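Engineer: Take a look at the following structure, please.
The values are calculated or read from the model by the stated rules, or taken from the named source; none is laboratory data. Bear in mind that the values here come from a model prediction, so they are computed numbers and not experimental data. We place every Cβ from the backbone using ideal geometry, glycine too, and count neighbours over all the protein chains shown. We work out accessible area using only protein heavy atoms, side chains counted, and drop any ligands, DNA or RNA first. Shrake-Rupley method; radii C 1.70, N 1.55, O 1.52, S 1.80 Å.
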Amino acid sequence: MKQTDILILGGGASGLCAAISAKRTNPNASVLVLEQLPRAGKKILATGNGRCNLGNLNAAAHPYTNKAFAGGVFAQLGTDDLLAFFRSLGLYTRADGEGRLYPLSNTAASVLDALRLECARLGVETLCDTKAESVKKTNGGFSVNDRFAAEKIIVCCGGCAAPAQGSDGSGFALLRSLGHEITPVKPSLVQLTTDTKPIRALKGVRAAAKLTLSTGGEAAGEVLFTEYGLSGIAAMDLSRFVLPDKPAAVSLDFLPDFSAEELTAIIAALCQNNPTLPAENLLTGFVPKALGLAALKAALGAVPQAVGSLQPNEITKITAALKSFTLALTGTKGWRDAQVTSGGANVKQFDRRTLESRLCPRLFACGEVLDVDGGCGGFNLEWAFLSGIIAGKNAALNE
Ligand SMILES: Cc1cc2nc3c(=O)[nH]c(=O)nc-3n(C[C@H](O)[C@H](O)[C@H](O)COP(=O)(O)OP(=O)(O)OC[C@H]3O[C@@H](n4cnc5c(N)ncnc54)[C@H](O)[C@@H]3O)c2cc1C
């Protein structure tokens, strides 16, 4: 049996931060990370399209699921602390116009390298190709796989999203085996599958839109039309609200800054002032041409020759197609393509300030394995990093 003070299950974003934080808090504590993939931190490399959107200047105000619980971490550490943490690893960042933070190198590999090198410098031991399959309570703490004994463990296994990057839901099974409740999980920040007939000609078209889900929930930003439905940040953000197995429709407002009345008046004036204008060009000043054509078809069934023939009721229908272009939702692309898990270890069973289990003292959890998730924009990595730092620190106190 290999003995260690602090055993970290999962060497992803939260696990590597927990390891660094534990060692920095107590350099004398032995810290061992078990990672089931051949290398730690594989998912970090895939984040932000390879650029790693590692945080967001607006994270503290972000509507995380279980925000009050997440607030226990954000009350102790904010985005400034995260940036100071990364600077202490030699990693500098920049923010874009929406507060999204990226490494100055614009390369996710820099983030992973910084974390891995600091683990090595501090003497954190990492065992790759080693899956935590079982965990038991013992007199002195815990035993994992009947092979590793530890006084304290930190569960950092992530959720079920993107299993190719190692997060296969096994962290939930480990926590369940010790009596923890796992709230229902579903893929989040994932592309939406929809009725594709009305958008067949739109594959590859991007547009800005406000999206509303008929069962509740809104998101705004870019949408990308695809052969299966909708992608882009707005669609991914809307997926947070999708209820599995509940029929729903997505309504897209391509011109949220205009009221329906304003838009109808503008289109009516355009038609009146230039009656010979080919109808296919009527909406090119508002949306990409292909999208304008799809809206005209959705409104009128076919695209008329010239705009002069359009009747007032047809103009109202065109406005409706631009402001509530509706697609039946058939589901999402599922776990393989999801960025995040919604649901997870019930946060009521953890202390929000220390991330220690209320059921199993000396067991901590952080990152996505807990039932905390956010939208696109760096919020999930920031949660993983900061909660990892808090869990690691508290596990190392009194060691
Ligand atoms: C394609 C993609 C892009 C993303 N882009 C962004 C982004 O730009 N910004 C952002 O904020 N968020 C992004 N996310 C989400 C973000 O990556 C996650 O929320 C975050 O990585 C969660 O960190 P974690 O440490 O909790 O889990 P993970 O990063 O999933 O790490 C868990 C680790 O534990 C290991 N593991 C699991 N089970 C076991 C076990 N039983 N034994 C041993 N090891 C185990 C896994 O192999 C993995 O290495 C993205 C996700 C994906 C998939």
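Engineer: Among the residues of the range 360-369, are any modelled with pLDDT of 95 or more and acidic (Asp, Glu)?
Structural biologist: Scanning the range 360-369, I find at least one residue that is modelled with pLDDT of 95 or more and acidic (Asp, Glu), so the answer is yes.
Engineer: Can I ask one more? Just the residues that are away from the ligand (no atom under 16 Å from the Cβ), of a type in the set (Gly, Ala, Ser) and surrounded by 15 or more Cβ atoms within 10 Å (Cβ to Cβ), please, taken from the range 48-100.
Structural biologist: Matches in the range 48-100: Gly72 only.
Okay, residues lined up against (1) of a type in the set (D, E, K, R); (2) over 22 Å from the mean Cα position of the chain (by Cα); (3) surrounded by 19 or more Cβ atoms within 10 Å (Cβ to Cβ); (4) farther than 15 Å from Leu327 by Cα:
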{"residue": "Ala220", "(1), (2), (3), (4)": "no, no, no, yes"}
{"residue": "Thr226", "(1), (2), (3), (4)": "no, no, yes, no"}
{"residue": "Lys246", "(1), (2), (3), (4)": "yes, no, no, no"}
{"residue": "Asp257", "(1), (2), (3), (4)": "yes, yes, no, yes"}
{"residue": "Ala260", "(1), (2), (3), (4)": "no, yes, no, yes"}
{"residue": "Ala265", "(1), (2), (3), (4)": "no, yes, no, yes"}
{"residue": "Gln272", "(1), (2), (3), (4)": "no, yes, no, yes"}
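Engineer: For the range 1-30, enumerate the residues that are away from the ligand (no atom under 14 Å from the Cβ) and not polar (S, T, N, Q).
Structural biologist: Met1, Lys2, Asp5, Ile6, Ala22, Lys23, Arg24, Pro27, Ala29, listed by residue number.
Engineer: Out of the range 166-209, which residues are in a helix (DSSP H, G or I), away from the ligand (no atom under 16 Å from the Cβ) and farther than 22 Å from Leu255 by Cβ?
Structural biologist: The first filter runs over the range 166-209 and keeps only residues in a helix (DSSP H, G or I), leaving 170-177, 197-202.
From what's left, away from the ligand (no atom under 16 Å from the Cβ): 197-202.
Residues satisfying the conditions are Lys197, Arg200.
Engineer: Note down all Cβ pairs under 6 Å where the first residue falls in the range 92-116 and is at positive phi, the second is among the aliphatic types (A, V, I, L, M), and they're at least six residues apart or on different chains.
Structural biologist: Every condition considered, the pairs that remain are Gly99/Leu57.
Engineer: Now for a separate question. With the structure loaded, tell me whether Ala294 is of a type in the set (A, V, I, L, M), at pLDDT below 95 and either open to solvent by less than 60 Å² (accessible area, probe 1.4 Å) or assigned to a loop (DSSP other than H, G, I, E, B) (or both) or whether it fails that test.
Structural biologist: Answer is yes for this residue.
Engineer: Mind listing just one residue for me: the one in the range 346-362 that is under 17 Å from Ser177 (Cα atoms) and touching a Phe, Trp or Tyr at 6+ places or on another chain (Cβ under 7 Å) and, of those, nearest to the ligand (Cβ to nearest atom)?
Structural biologist: Selected residue: Val347.
Engineer: While we're looking at this one, here's another question. Against the condition surrounded by fewer than 20 Cβ atoms within 10 Å (Cβ to Cβ) and within 12 Å of the ligand (Cβ to nearest atom), how does Leu45 come out, does it pass?
Structural biologist: yes
Engineer: Which of the residues that make up the range 215-268 are touching a residue at least 24 places away in the same chain (Cβ under 8 Å), out of contact with any Ser or Thr (no Cβ under 6 Å at 6 or more places or on another chain) and part of a helix (DSSP H, G or I)?
Structural biologist: Ile233, Ala234, Ala235, Met236, Asp237, Leu238, Phe241, Ile267, Ala268
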